[in-house]
Amino acid sequence: MNSHVTVARLRIPLWLIALPWTVALGLWGLSRQHSVWRDEAATWQVALRSVPDIWHMLGRVDAVHGLYYLLMHGLFTCFGASTTTLRLPSVLAMGVAATCVAAIGQRLAGVWAGLGGGLALGLLPAVQFYLQEGRPYAMVAAGASVSTLLLVTAFGERRATGRWLAYSGTVLLCALLNWLSLLILPAHLATLVWAGAGRRTLARWAVAAAAAATAASPLILFSRSQSDQVSWIPPLTWHMLIGPAVLLAIGGLCALLDGPEAGRLSVAAVGLPLLTVPQLALVGISVVKPMFLDRYVLFTMLGVALLIGTALATAVRAAAPRFPRGAPWLVPLALVVAVAALMPQSLAKRSPGSRVDDVLSVAGEVRQLKRPGDGVIFIPAARRDTALVSPRDFTGLRDLALAESPVESGTLKGEEAGPRRIRAAMLTHRRILLVTDASRVSRPVSAERDRTKAAVLAAHFTVVADKQVRGRRVTLYQRLR
């Protein structure tokens, strides 16, 4: 670090700043006004199942998230089902990621780069979204940050066998949480090549990477048989690439501030491949099979944070000769400006409206409208997650379409009866509650079973009450005389 700034050197470990800062951002508005959206509802309902039931389900669907579901089952068992238990693991995981970013930045570019990167990570919009998400993506980002830190500390070391073993184990753990995290391996290879790693380092990395990928291959091959789960992902379009293109441009500019030269392990050599390579690889995969979702490569935000940190450090060094006392305040000032500028977006991401729907609020409406003996149907069947997450609110209602429960069938939404049986069951009830999507997010009915449900309601029932709340809709129908 520039000698003019050494007097302002921080006297406490950076993790004591980056970790609580990121955790505090995660705890802020953690419950999102007690709302849970459809993706998190999948975690919630599976975590409530027994371990044998989870294994039964993984044999049919969602094997890619098996380790995460088992972990959340353990947490729900120990601490109970709540939005805090659901989301706190992601908050803590991103705190670990911020700590690793700070450590990498400090090691490669000095204390201000580490501090700036560690504080910047939690403020990135994509990170703020998944920081409070009851899904595995923050955990994957944490594992990616740990593996990157291990790579940096093992670089060029002759006695680093333990770190390479830990590196391989961490990469494998990430792959078991989501095997697309293996896209970090070509990013790390690019870092080693850029930094001019010797043959010994490259060979050790190759062995560690191959071991992790080989160990994860059974899960990859098995989960490919469940590829219908991602059939809803739309084909790649140009507008989907605007966000990544902006990030790549920003990352490139920040990397130039760290020095574009190759042959040394720098923040640019670590951060720029981490940002670019996984995203470009996922784009390439999506040309063949639509798979492009930003959450699958959330860990690339680690690269953005590292590059932002080094840009701030460069600004501090540049200002130090002329403003030796004011230069150290550039990073805190930048933090204040960023917090203020991002405040509207930060508030929005902590509101129920930041997600497409809320399964809890509509369950409360069902509780108000129901009477013992009423029937209930779901269009589409996936909206049954409302009842699975809030079973007490559906006590006394008969699920008219359900033939086999989600637990028995080893699925997320259960197996429904055929259209004829559904029609017959509906016609035996005077009152039926329909749980579906709100008008603004609903899609045309496509499945034959769902068309049958809608047709019976239209021909033989009339609407008594209709309420839409947070992306979900419950309509009470009464039989025509």
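The values are calculated or read from the model by the stated rules, or taken from the named source; none is laboratory data. Keep in mind the model is a prediction, meaning the values are calculated, not measured. As a convention, Cβ positions derive from the backbone with ideal geometry for all residues, glycine included, and neighbour counts pool all protein chains shown. The protein model used for the area step is the full one, side chains on, heavy atoms only, and it has no ligands, DNA or RNA in it. Shrake-Rupley method; radii C 1.70, N 1.55, O 1.52, S 1.80 Å.
Could you give the dipole magnitude of the range 40-133 about its Cα centre, charging the beta-carbon of Lys and Arg +1 and that of Asp and Glu -1, in debye to the nearest 20? List each step's numbers first, then the result.
Working: 4 positive and 4 negative charges, 31 e Å.
Once rounded to the nearest 20, the dipole reads 160 debye.
Report, in degrees rounded to the nearest 10, the 0 to 90 angle that the Cα long axis of helix 199-224 makes with the longest principal axis of the chain.
Helix 199-224 sits at roughly 0 degrees to that axis.
Find which of Leu333, Thr310, Phe299 sits farthest along the positive direction of the dipole of the range 281-350, computed with +1 on the beta-carbon of Lys and Arg, -1 on that of Asp and Glu, about the Cα centre.
So the residue we want is Leu333.
Suppose every K and R has +1 on its Cβ and every D and E has -1 on its Cβ; what is the size of the dipole of the range 323-382 about the Cα centre, in Debye to the nearest 20? Kindly include the intermediate steps, with their values, before the conclusion.
Working: 7 positive and 4 negative charges, 41 e Å.
Taking the Cα centre of the range 323-382 as origin, the dipole is about 200 debye.
Once Lys and Arg get +1 and Asp and Glu get -1 on their Cβ, which of Leu476, Ser346, Phe378 lies farthest toward the positive end of the dipole of the range 346-481?
Leu476
Which whole-percent values make up P(r) of the range 75-215 when all C-alpha to C-alpha distances are grouped in 10 Å steps starting at zero?
12, 37, 34, 14, 3, 0
I'd like to compare 203-216, 94-107, 399-412: which one has the highest average count of other Cβ atoms within 10 Å, and what's the full order after that?
Per-residue Cβ counts within 10 Å, averaged per peptide and sorted highest first, yield 94-107, 399-412, 203-216.
Largest first and to the nearest Å, give the Cα extent of the chain along each principal axis.
Each principal axis gives a Cα extent; for the chain these are 88, 46, 45 Å.
Would you mind checking the tilt of helix 111-121 against the longest principal axis of the Cα atoms of the chain, expressed as 0 to 90 degrees and rounded to 10?
10 degrees
In the chain, what percent of the accessible surface is made up of carbon and sulfur (1.4 Å probe, ligands and nucleic acids excluded)?
Numbers: 13330 of 20930 Å².
Carbon and sulfur: 64 percent of the exposed surface of the chain.
Between the helical axis of 83-109 and the dominant principal axis of the chain, each derived from Cα atoms, what acute angle in degrees is found, rounded to the nearest 10?
Roughly 20 degrees between the two axes.
Where does each of 28-34, 451-457, 85-91 land if you order them by average Cβ count within 10 Å, highest first?
Numbers: 28-34: 15.0, 451-457: 18.4, 85-91: 21.3.
Per-residue Cβ counts within 10 Å, averaged per peptide and sorted highest first, yield 85-91, 451-457, 28-34.
Using only DSSP helix segments of four residues or longer, with each worth -39500 (n - 2.57), what per-residue ellipticity at 222 nm results for the chain after dividing by its residue count and rounding to 500? List each step's numbers first, then the result.
Values: 20 runs with 279 residues, N = 481.
Computed mean residue ellipticity for the chain: -18500 deg cm²/dmol.
For the chain, what is the charge dipole size about the Cα centre, in debye to the nearest 20, if Lys and Arg each add +1 at the Cβ and Asp and Glu each add -1 at the Cβ?
Numbers: 49 positive and 25 negative charges, 110 e Å.
Its charge dipole is roughly 520 debye.
Applying a 10 Å radius around every beta-carbon, put 326-337, 424-435, 167-178 in order of their mean neighbour count, most first. Display every interim value, and only then the final one.
Values: 326-337: 16.1, 424-435: 18.6, 167-178: 23.2.
Descending mean neighbour count gives 167-178, 424-435, 326-337.
Can you work out the accessible area per residue across the chain, with the rest of the protein chains kept in place, probe 1.4 Å, in square angstrom? Numbers along the way, then the final one.
Details: 20930 Å² over 481 residues.
The answer is 44 Å² per residue.
In whole Hz and in residue order, list the ³J(HN,Hα) couplings for the range 466-481 that follow from phi through the Karplus curve 6.51 cos²θ - 1.76 cosθ + 1.60, θ = phi - 60°; x for Gly and Pro.
Residue by residue, the range 466-481 yields 8, 9, 10, 8, 6, x, 10, 9, 10, 10, 9, 10, 10, 5, 6, 7 Hz.
Over the range 421-481, consider all pairs of different Cα atoms and compute the Kirkwood hydrodynamic radius from their mean reciprocal separation; express it in Å, one decimal. If you can, show how the numbers build up before the last one.
Values: mean 1/r = 0.0824 Å⁻¹.
Value: 12.1 Å, from the Cα pair sum.
At 1.4 Å probe size, what's the solvent-accessible area of Phe394? Round to the nearest 10 Å².
We get 20 Å² for Phe394.
Remind me, relative contact order of the range 38-88 in percent, using alpha carbon pairs under 8 angstrom and six or more residues apart?
44 percent.
If you average the sequence gap of Cα pairs under 8 Å that are 6 or more apart and divide by the length of the chain, what percent do you get for the contact order?
Numbers: 818 pairs, mean separation 86.7, N = 481.
Over the chain, the number comes to 18 percent.
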